[in-house]
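Q: The structure's right below; bear with me while I get my questions together.
The values are calculated or read from the model by the stated rules, or taken from the named source; none is laboratory data. None of these values were measured; they are calculated from a predicted model. Cβ atoms come from the backbone with ideal geometry, glycine included; neighbour counts cover every protein chain shown. Protein only, heavy atoms only, side chains kept; ligands, DNA and RNA dropped before computing areas. Shrake-Rupley method; radii C 1.70, N 1.55, O 1.52, S 1.80 Å.
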Amino acid sequence: YVQQHVSDSLLASYLVDNYLTWHVRHFGIDGVACHLPYYDRKVKDLQTRQEFYALYKQYGQIAKGCSAPEFCLPDTSGNSVCLNSFRGKYVYIDVWATWCVPCCKEFSYLRQLEEQLKGADIVFVGISIDSNRKSWKEKIAKEHLTGIQLYSGKEGSFFHDYKIGLVPRFILIDPQ
């Protein structure tokens with residue numbers, strides 16, 4: 001649309017950068033590489049380009065096919081659970097928060113999925129980004145959440161390493 005309908009170069013630059021930055025932050029880098037030549041033609045501001053490519057590089061580190069960043073997080077009993085303890089199994093991660101209505105609506109579907117895949121080499125892990133651990137534990141009890149429930153908060157390395165911007169977020173990690 002921009003290429004055909006926007007003649008103002010500053011507006012075109014803004015729109016292209018804004019859209020691709022938004023896309024990378026919310027969906028990762030899949031499908032973005034083919035747009036980079038157009039990005040380079042339209043976005044001339046050096047600082048804007050440097051910021052975008054830094055973001056692109058960061059998200060490239062968690063793209064499909066890359067090694068998942070290691071994490072160790074506390075469970076509801078305070079025991080530390082690390083990603084590497086699940087090597088050899090698929091790991092389905094549900095990143096959620098107690099205040100997130102869509103997250104809470106997904107719980108029943110997650111229970112169905114767990115039941116369908118019972119006996120498969122898959123581990124279901126819920127990771128909360130709540131700031132209040134007490135609310136997190138209460139929600140787990142109230143909703144009878146199964147699987148492994150871990151706590152990250154927004155300040156932990158998991159939140160930053162996995163580029164969690166919005167919840168719910170679902171992550172599937174393969175056995176390797």
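Q: Name the residues in segment 9-39 that are open to solvent by 60 Å² or more (accessible area, probe 1.4 Å), under 15 Å from L55 (Cβ atoms) and polar (S, T, N, Q), would you?
A: Selection gives N18 alone.
Q: Considering only segment 77-129, state which residues are without any contact (Cβ under 8 Å) to a residue 60 or more places away in the chain, of a type in the set (G, A, S) and either over 19 Å from I140 (Cβ atoms) or touching a helix residue (DSSP H, G or I) at 6+ places or on another chain (Cβ under 7 Å) (or both).
A: Matches in segment 77-129: S85, G119, A120, S128.
Q: Something else now. Between residues in segment 151-176 that are part of a loop (DSSP other than H, G, I, E, B) and residues that are of a type in the set (K, R) and surrounded by fewer than 17 Cβ atoms within 10 Å (Cβ to Cβ), which pairs lie under 6 Å by C-beta distance while being six or more apart or on different chains?
A: Here the result reads G165/R25; P175/K89, each pair linking segment 151-176 to a residue that is of a type in the set (K, R) and surrounded by fewer than 17 Cβ atoms within 10 Å (Cβ to Cβ).
Q: In segment 6-61, which residues are of a type in the set (A, V, I, L, M) and free of Cβ contacts under 8 Å to residues at least 24 places away in the same chain? Spell out the reasoning first.
A: If we filter segment 6-61 for residues that are of a type in the set (A, V, I, L, M), which is where we start, we get 6, 10-12, 15-16, 20, 24, 29, 32-33, 36, 43, 46, 54-55.
Result: V6, L10, L11, L15, A33, L36, L46, A54.
Q: A further question on this structure: I'd like the residue in segment 127-137 that is within 23 Å of E115 (Cα to Cα) and not hydrophobic (A, V, I, L, M, F, W, C) and, out of all such residues, is least open to solvent (accessible area, probe 1.4 Å).
A: The qualifying residue least open to solvent (accessible area, probe 1.4 Å) is S128.
Q: Output yes when any residue across segment 102-125 is within 14 Å of D75 (Cα to Cα) and assigned to a strand (DSSP E or B), and no when none is.
A: Residues of segment 102-125 within 14 Å of D75 (Cα to Cα): 124-125.
Remaining after also requiring assigned to a strand (DSSP E or B): 124-125.
The answer is yes; a qualifying residue exists.
Q: Yes or no: K163 modelled with pLDDT of 95 or more, open to solvent by 30 Å² or more (accessible area, probe 1.4 Å) and of a type in the set (K, R)?
A: no
Q: Please go through segment 139-150 and pick out each residue that is touching a residue at least 12 places away in the same chain (Cβ under 8 Å) and either of a type outside the set (D, E, K, R) or open to solvent by 70 Å² or more (accessible area, probe 1.4 Å) (or both).
A: Correct list: I140, L145, T146, G147, I148, Q149, L150.
Q: Condition check: of a type outside the set (A, V, I, L, M) and open to solvent by 50 Å² or more (accessible area, probe 1.4 Å). Does D121 satisfy that?
A: Against the criterion (of a type outside the set (A, V, I, L, M) and open to solvent by 50 Å² or more (accessible area, probe 1.4 Å)), D121 qualifies.
Q: I'd like to know if segment 1-16 contains one or more residues that are closer than 19 Å to I171 by Cβ and either among the hydrophobic types (A, V, I, L, M, F, W, C) or modelled with pLDDT under 95 (or both).
A: Kept after step one, since they are closer than 19 Å to I171 by Cβ, are these residues of segment 1-16: none.
No, segment 1-16 contains no residue that is closer than 19 Å to I171 by Cβ and either among the hydrophobic types (A, V, I, L, M, F, W, C) or modelled with pLDDT under 95 (or both).
Q: Quick one: how many residues across segment 88-101 are open to solvent by less than 50 Å² (accessible area, probe 1.4 Å), not hydroxyl-bearing (S, T, Y) and not in a strand (DSSP E or B)?
A: 3
Q: Something else: In segment 142-160, how many are at pLDDT 95 or above and among the hydrophobic types (A, V, I, L, M, F, W, C)?
A: 2
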